[in-house]
Amino acid sequence: EMGFNLVLAVLLVYLVMAAQFSSWLDPLIMIVAAPLGLVGVAVTLWATSTSLNIQSCMGVLLMIGISVSNSVLLVEFANRLRGEGVLTFDAVVRAARTRLRPILMTTIATIVGLLPMAIHLHPGDEMNLPLARAVIGGLLGSTLLTLFVVPVLYVFLKPAEAAPMEAPD
């Protein structure tokens, strides 16, 4: 059931973003980092010998929410710059440079907050280990992909437009 819930969550997030951004393409670009973050989840769970269970699936849902919000920051700012007449490539590079700090702050704060939960320090911590480890591994993977794959997809999928015309002297 959690697999179905994961697919349903991604689909509903996509539909809500499509309505919010009045575009079918922008949400596709934004949501691509979330499934790619699953690679980070799988590697982390495998490397720590943690099982895939309800807790880790809830961690995956949390990771998807955070990674999509990071992508929204990037794509929304690039769209705003393009609306001001900046070329697509320049807009996405400026957006990535400008939004790097908020994306890293969100990711680092989440990882640091979940790190005590991910390290087995006290008896009874076993219940939350899979959730914390899934979120940490997924965020590490999806943040890298948000900063590299999302801008590349943006440049490939968004049409480049001509530079704004300058007024004659």
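The values are calculated or read from the model by the stated rules, or taken from the named source; none is laboratory data. Just so it is clear, the model here is predicted, and its values are computed rather than measured. All Cβ positions, even for glycine, are placed from backbone atoms using ideal geometry, and neighbour counts span all protein chains on display. All accessible areas refer to the heavy atoms of the entire protein, side chains included, with ligands and DNA or RNA removed. Shrake-Rupley method; radii C 1.70, N 1.55, O 1.52, S 1.80 Å.
Among the candidates LEU36, LEU73, the residue that is open to solvent by 40 Å² or more (accessible area, probe 1.4 Å), part of a helix (DSSP H, G or I), touching a helix residue (DSSP H, G or I) at 6+ places or on another chain (Cβ under 7 Å) and modelled with pLDDT under 85 is uniquely LEU36. For the stretch 39-61, a residue qualifies if it is in contact with a helix residue (DSSP H, G or I) (Cβ under 9 Å, 6 or more places away or on another chain), open to solvent by 60 Å² or more (accessible area, probe 1.4 Å) and part of a loop (DSSP other than H, G, I, E, B), and the qualifying residues are SER51, LEU52.
Of all residues in the stretch 85-108, at least one satisfies being closer than 21 Å to ALA47 by Cα and surrounded by 12 or more Cβ atoms within 10 Å (Cβ to Cβ).
Cβ-Cβ below 6 Å, separation at least six or inter-chain, first residue in the stretch 22-42 and acidic (Asp, Glu), second crowded, with 18+ Cβ neighbours inside 10 Å and assigned to a helix (DSSP H, G or I): which pairs? Listed by first residue and then by second, the contacts come to ASP26/VAL75. Residues in the stretch 1-33 that are of a type in the set (A, V, I, L, M, F, W, C), open to solvent by 50 Å² or more (accessible area, probe 1.4 Å) and either over 20 Å from GLU76 (Cα atoms) or touching a Ser or Thr at 6+ places or on another chain (Cβ under 6 Å) (or both): PHE4, VAL7, LEU8. With respect to the conditions (1) farther than 24 Å from PRO27 by Cα; (2) at pLDDT 90 or above; (3) out of contact with any Gly (no Cβ under 8 Å at 6 or more places or on another chain), THR107 lacks only one, and its number is (1). Do you know which of the residues in the stretch 109-134 that are within 16 Å of the chain's Cα centre (by Cα) and surrounded by 14 or more Cβ atoms within 10 Å (Cβ to Cβ) is nearest to ILE64 (Cα to Cα)? Looking at the filtered set, the residue picked out is ALA134.
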